[in-house]
Amino acid sequence: MSNLKNAKIAIIGLGYVGLPLAVEFGKIYSTVGFDINEARINELKKGFDRTNEVETELLAEANKLKFTSNIEELKSSNIYIVTVPTPIDKSKTPDLSPLKSASKMLSEVVSKDDIVIYESTVYPGATEEVCLPIIEAGSGLIFNEDFFAGYSPERINPGDKVHRVINITKVTSGSTPEVADKVDELYASIIEAGTYKASSIRVAEAAKVIENTQRDVNIGLINELSLIFNRLGIDTEEVLKAAGTKWNFLPFRPGLVGGHCIGVDPYYLTYKAQEIGYNPEMILAGRRINDGMGEYVVSQVIKLMLEKRIHINGSKILMMGLTFKENCPDLRNTRVTDMLEEFSKYGATVDVHDPWVDPQEAKDEYNITLISQPKKDDYDAIILAVAHNQFTAMGTEQIRTLGKQQHVLFDIKYILSANDVDGRL
């Protein structure tokens, strides 16, 4: 295999994970960024990233990076890095179709001695059991003889301008000891925080999938505590602040658990666990609690509305925020939609306002028509669903002006103080 000076890298998938990686590699190595979305490619060629993960000036710094949707332009590469999404379907089963499609495509371009590295989150064993056989079948090449593989799980945190790809420790692995060394060396050349070389691809896959499973279970616990404290008439945030004075108390907060990682990754692990005959009770319990928080919030808002003698049927609700987290345009697996569906069952009309979201994307993904500016004195209930800076800057008084004389203000994200709202988690 050639040394790193001769590395020609292809990044397959230019979303929140692939683009920042392509930019960093493109500063040093000949790099091709590939995506099947031609509109996305055209925007990137003009220096515009709609995900807001990479600024225009950073795109310009990657002077060895070119973008394409043409598979033919991948064939001169010798290292392929796959960063496609790994979602779940409606039955909460892993959907490996993007990975399978990417692997099928790579089978048409991979040649002798090339390395294919996967970054997409999967269950332990998926790379070697699902992806690589597809490349073998389509290329006629033999894995670990003619071509090789690595796995280096992504650790991108959308919207986070502090923890970026270069300053988050990168776990690496390879299909042979020699390939593991080369994969590690490759990432070490761009990752300032350093790398950690796992002993095998399966270990690296498992490490990734438990990162977010651990967070999910912890948030599930805090959400359950919130349900208990609400029944006891105790403010959850006050309890958490008091408990947080102990040095080893973890600073989790209750809320909706969505996004491409925390609300999805545990199902990859539980799927594999059940496949081998083990029922992962704690993980699935946490998932059930977290998946039920949208319905719980709606029940609390309705209870508060009834206390104020506000009719639910025909009421008008304002949902402030649609993204899965604050200050980020990412709509993947947002659980705000759970609340919209629940309110519709009661005959309420819900306006959704989110300054971070592309209105066309909201329409395409969820058939939601965003409103650009809420009207004053217009709403029976206002829900602060996402802690965008714009909402925090408004403050209680300005937010309250959007409500009718008699209305409910519910704060999911602790944007306002407990005394300024009618209810919160």
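Some notes on this structure:
- Sub-9 Å Cβ pairs linking a first residue in segment 398-425 that is farther than 29 Å from Asn290 by Cβ to a second residue that is open to solvent by 40 Å² or more (accessible area, probe 1.4 Å), at least 6 apart or interchain, are Arg400/Asp420; Thr401/Lys376; Thr401/Asp377; Lys404/Lys316; Lys404/Asp377; Gln405/Asp377; Gln406/Lys308; Gln406/Arg309, ordered by first then second residue.
- Subset of segment 60-74 (residues that are closer than 13 Å to Ala22 by Cβ and among the polar types (S, T, N, Q)): Asn63, Thr68
- Filtered by the rule that a residue be open to solvent by 10 Å² or more (accessible area, probe 1.4 Å) and either within 18 Å of Gly13 (Cβ to Cβ) or assigned to a strand (DSSP E or B) (or both), segment 136-153 gives Phe143, Phe148.
- The set of residues in segment 174-212 being under 14 Å from Tyr123 (Cα atoms) and open to solvent by 10 Å² or more (accessible area, probe 1.4 Å) consists of Ser200, Arg202, Val203, Ala206, Ala207, Ile210, Glu211, Asn212.
- Qualifying residue in segment 333-353 (condition: of a type in the set (S, T, N, Q) and in contact with a Lys or Arg (Cβ under 6 Å, 6 or more places away or on another chain)): yes
- Of all residues in segment 404-420 being buried (at least 21 other Cβ atoms within 10 Å of the Cβ) and either among the hydrophobic types (A, V, I, L, M, F, W, C) or outside any loop (DSSP other than H, G, I, E, B) (or both), the one that is farthest from the chain's Cα centre (by Cα): His407
- Helices (runs of 4 or more DSSP H) completely within segment 218-325 that count 2 or more residues being within 30 Å of Pro153 (Cα to Cα): 265-275, 281-291, 293-307
- When the test is whether a residue is open to solvent by 10 Å² or more (accessible area, probe 1.4 Å), over 15 Å from Val23 (Cα atoms), touching a strand residue (DSSP E or B) at 6+ places or on another chain (Cβ under 8 Å) and touching a residue at least 60 places away in the same chain (Cβ under 8 Å), Glu119 does not pass it.
- Some residue of segment 331-353 being more than 22 Å from Phe252 (Cβ to Cβ), within 28 Å of the chain's Cα centre (by Cα) and at pLDDT below 95: yes
- When Val109 is tested against (1) outside any loop (DSSP other than H, G, I, E, B); (2) in contact with a Leu (Cβ under 6 Å, 6 or more places away or on another chain), just one condition goes unmet, and that condition is (1).
- Ile191 vs. criteria in contact with a helix residue (DSSP H, G or I) (Cβ under 8 Å, 6 or more places away or on another chain) and in a loop (DSSP other than H, G, I, E, B): yes
- Single condition Ala188 does not satisfy, out of (1) more than 28 Å from Gly258 (Cα to Cα); (2) without any contact (Cβ under 8 Å) to a residue 60 or more places away in the chain; (3) touching a Phe, Trp or Tyr at 6+ places or on another chain (Cβ under 9 Å); (4) not β-branched (Val, Ile, Thr): (3)
The values are calculated or read from the model by the stated rules, or taken from the named source; none is laboratory data. Note that the structure is predicted; figures quoted are calculated from it, not measured. Positions of Cβ are generated from backbone atoms using ideal geometry, with glycine treated the same way; all protein chains shown enter the neighbour counts. Calculation scope for accessible area: heavy atoms of the full protein, side chains included, ligands and nucleic acids excluded. Shrake-Rupley method; radii C 1.70, N 1.55, O 1.52, S 1.80 Å.
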